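Visitor: This is the structure I want to talk about, given as C-alpha cells.
The values are calculated or read from the model by the stated rules, or taken from the named source; none is laboratory data. Because the structure is a prediction, the values reported are computed rather than measured. Every residue, glycine as well, gets a Cβ built from its backbone with ideal geometry; the counts of neighbours run over all protein chains shown. Remember, those area values only see protein heavy atoms, side chains included, never the ligands or the DNA or RNA. Shrake-Rupley method; radii C 1.70, N 1.55, O 1.52, S 1.80 Å.
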Amino acid sequence: MELSPRQRSAVFAAVVIALAALGYYLVVPAVTHSHRPAAAAAGGTTSSPAATAPSSAGAPVPTVTAPAADAGGPDIYAWLPFTQQNLAAAASVAMRFSIDYNTFTYTESAADYVGAMGGLITGPLATTLRAAYQTPGVAQLRKSQKQVSTGTAVISSLRAFGPSSMTFIVTAGQRLATANGTSSGSTQYAVTVTGSGSSWQVSDIELESAGNT
C-alpha cells in the first residue's frame, strides 16, 4: 500500500513514540554494562571506538518489553515490516552493542574486545572493529595511558527501517580513566542492525552526522 507524505510522517511519529515506550533499559540515560570488573575497578574511561574495544561476555542482558497497543487505537504495526517484539529485540541489540563499543581496558587484546561482543555483531563488522582496535598509534596511547573505559547508551530515535534492517540514533557515553585522571563525554552514532524476528546483529556504526541510512 502506497502511503501519502502525511501518512508516512504519521507512521514515523508513531514508531518513535512506540520506541520511546520500549522500557526502562532503552530510555533511561547512563545505563551501564557492568560486565567488566576490571574496568570498574580501574575507574572507567572513554576514548574513541577505534582506540578501544568493548566486551560483553557474561553480561546480563537487558529485558525489553514492547509497548502494548492502545485499546481501540490504530495498529501502526499493521503498516510496518516488523512487530512490536521485533522492534524491541532490534533496539536491545543496538543498545547493548553501543555500551560495549565504549567499554574496554588497556589490558585486553583486539580478539578479546571483539570476541566479547559475541553474537551482537556481523562478521564483517567484527573484522573492521578488530583492525581499528589494533591501529598502532591508538593502541599505543591506550596502553601508555592505561586507559579503562566504561560505556553507557540511550537510544534517541529510529532513523530508518526496512523489512530486514533498522538504523537507530544512539547517544553513547564514556567515562574514561587514565593514569592522568578521569574524563567523560558522549557521541551520537547511527547504529544499523540487520536480521529478522528476534534475531538481529549490528552490521554498521557511523557518526550520526555521517548519515548511515
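Visitor: Residues being open to solvent by less than 20 Å² (accessible area, probe 1.4 Å) and within 25 Å of Ser183 (Cβ to Cβ): count how many of those fall in region 95-138.
Guide: Within region 95-138, residues that are open to solvent by less than 20 Å² (accessible area, probe 1.4 Å) and within 25 Å of Ser183 (Cβ to Cβ) number 16.
Visitor: State yes or no: is Thr213 modelled with pLDDT of 95 or more and at negative phi? Give the derivation first.
Guide: Details: modelled with pLDDT of 95 or more: no; at negative phi: yes.
No, not satisfied.
Visitor: In region 160-182, how many residues are more than 20 Å from Leu120 (Cα to Cα) and surrounded by 14 or more Cβ atoms within 10 Å (Cβ to Cβ)?
Guide: Start the filter on region 160-182 by keeping residues that are more than 20 Å from Leu120 (Cα to Cα), which leaves 175-182.
Then keep just the ones that are surrounded by 14 or more Cβ atoms within 10 Å (Cβ to Cβ); that gives 175-178, 182.
Residues that pass the stated criteria total 5.
Visitor: Considering only residues that are over 23 Å from Thr171 (Cβ atoms) and among the aromatic types (Phe, Trp, Tyr), which ones fall in region 102-141?
Guide: Tyr106
Visitor: Here's a follow-up. Select, from Gly151, Gly118, Gly137, the only residue that is farther than 20 Å from Gly185 by Cβ and of a type in the set (Gly, Ala, Ser).
Guide: Gly118
Visitor: Separate question: Filter region 77-128 down to residues that are assigned to a loop (DSSP other than H, G, I, E, B) and among the small types (Gly, Ala, Ser) and give me whichever is farthest from Gln147 (Cα to Cα).
Guide: Ala116
Visitor: May I pose another question? Given the structure, is Thr150 open to solvent by 30 Å² or more (accessible area, probe 1.4 Å), closer than 25 Å to Ala90 by Cβ and part of a strand (DSSP E or B)?
Guide: Judged against the criteria, Thr150 is a match.
Visitor: List the number of the failed condition for Val148; all other conditions in (1) closer than 23 Å to Leu207 by Cβ; (2) hydrophobic (A, V, I, L, M, F, W, C); (3) modelled with pLDDT of 95 or more hold.
Guide: Every listed condition holds for Val148 apart from (1).
Visitor: Considering only region 162-184, state which residues are over 17 Å from Asp100 (Cβ atoms) and of a type outside the set (Val, Ile, Thr).
Guide: Gly162, Pro163, Ser164, Ser165, Met166, Ala177, Ala179, Asn180, Gly181, Ser183, Ser184
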